[in-house]
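*Asks:* Supplied in structure tokens, the structure appears directly below.
The values are calculated or read from the model by the stated rules, or taken from the named source; none is laboratory data. Everything quoted here is computed from the prediction, not taken from an experiment. Quick reminder, even Gly has a Cβ in these numbers, built from the backbone with ideal geometry, and neighbours come from all protein chains shown. We work out accessible area using only protein heavy atoms, side chains counted, and drop any ligands, DNA or RNA first. Shrake-Rupley method; radii C 1.70, N 1.55, O 1.52, S 1.80 Å.
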Amino acid sequence: MSALASTAWLALLLGWMAWGAFSLGLAAPVSLGLGLVLGAGCAVLLRDTLPLRGLVAVLGPVGIVLPLLILRQMAAHLGVAVQPFGSGALVIFILLYGVFLASAAGVVPVDIYRLGYAPWPVAVMALALCALGMWQGALFLPVLAVAAQAIWVIGWGSSNWFDHILHPALIPVALIVLLLRLF
């Protein structure tokens, strides 16, 4: 990923975290603005510090899915109508992603991860995600698929398309969302 894209991602992530803290006592637009300003300042001024390098190393490869999810949540808190992910879809995602990770780790005899290097399978998977998103009436999946494919074609970041649309942090996030829906 280019240095500019990496810094922008870091600014967005830090801004999102600061926004979460500021939102405990401030209105959404104010806390969001302060969080983004603080995140951008920290990303630019503290980029080469050990904690921020560690954050980038732990969360890498970043891809496009985490920034899009952050932007989606921020937009929702500013009043933009955002269709929530269904509980059933989250359960299916967790199960399929678990199988995918097992495949990538060599536990399952089929290596699905290697398909992310080849243009034709990536094109088919991107079209399938676009079709699924349109069938659901939600824009998130098509935007994710197209943005990930564009970044993959440009050559920013990983040479595997899956690294742009998936991230291991998505499983605990999806589990937390499902648990919060129970209470």
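*Asks:* Filter region 15-30 down to the residues that are closer than 14 Å to residue 76 by Cβ and over 21 Å from the mean Cα position of the chain (by Cα), then identify the one that is most open to solvent (accessible area, probe 1.4 Å).
*Replies:* Of everything passing the filter in region 15-30, 29 is most open to solvent (accessible area, probe 1.4 Å).
*Asks:* Within region 36-77, which residues are closer than 15 Å to residue 169 by Cβ and either among the hydrophobic types (A, V, I, L, M, F, W, C) or touching a Pro at 6+ places or on another chain (Cβ under 6 Å) (or both)?
*Replies:* Once the filter is applied, which keeps residues that are closer than 15 Å to residue 169 by Cβ and either among the hydrophobic types (A, V, I, L, M, F, W, C) or touching a Pro at 6+ places or on another chain (Cβ under 6 Å) (or both), region 36-77 yields 55, 56, 57, 58, 59, 62, 64, 65, 66, 68, 69, 70.
*Asks:* Taking the residues in region 48-63 that are assigned to a loop (DSSP other than H, G, I, E, B) and modelled with pLDDT of 85 or more as candidates, determine which candidate is farthest from residue 164 (Cα to Cα).
*Replies:* Residue satisfying both the conditions and the ranking: 49.
*Asks:* Taking region 141-160 on its own, how many of its residues are surrounded by fewer than 18 Cβ atoms within 10 Å (Cβ to Cβ) and among the aromatic types (Phe, Trp, Tyr)?
*Replies:* Total satisfying the criteria: 1.
*Asks:* Something else about it: Which residues, counting only those in region 80-104, are open to solvent by 80 Å² or more (accessible area, probe 1.4 Å) and either in contact with a helix residue (DSSP H, G or I) (Cβ under 7 Å, 6 or more places away or on another chain) or small (Gly, Ala, Ser) (or both)?
*Replies:* Answer for region 80-104, where residues must be open to solvent by 80 Å² or more (accessible area, probe 1.4 Å) and either in contact with a helix residue (DSSP H, G or I) (Cβ under 7 Å, 6 or more places away or on another chain) or small (Gly, Ala, Ser) (or both): just 81.
*Asks:* Working only within region 161-183, note down all residues that are surrounded by fewer than 17 Cβ atoms within 10 Å (Cβ to Cβ) and under 15 Å from residue 65 (Cα atoms).
*Replies:* Answer for region 161-183, where residues must be surrounded by fewer than 17 Cβ atoms within 10 Å (Cβ to Cβ) and under 15 Å from residue 65 (Cα atoms): 168, 169, 171, 172, 173.
*Asks:* Just checking, does region 67-79 include any residue being β-branched (Val, Ile, Thr), in a helix (DSSP H, G or I) and either more than 21 Å from residue 32 (Cβ to Cβ) or open to solvent by less than 30 Å² (accessible area, probe 1.4 Å) (or both)?
*Replies:* Yes, some residue in region 67-79 is β-branched (Val, Ile, Thr), in a helix (DSSP H, G or I) and either more than 21 Å from residue 32 (Cβ to Cβ) or open to solvent by less than 30 Å² (accessible area, probe 1.4 Å) (or both).
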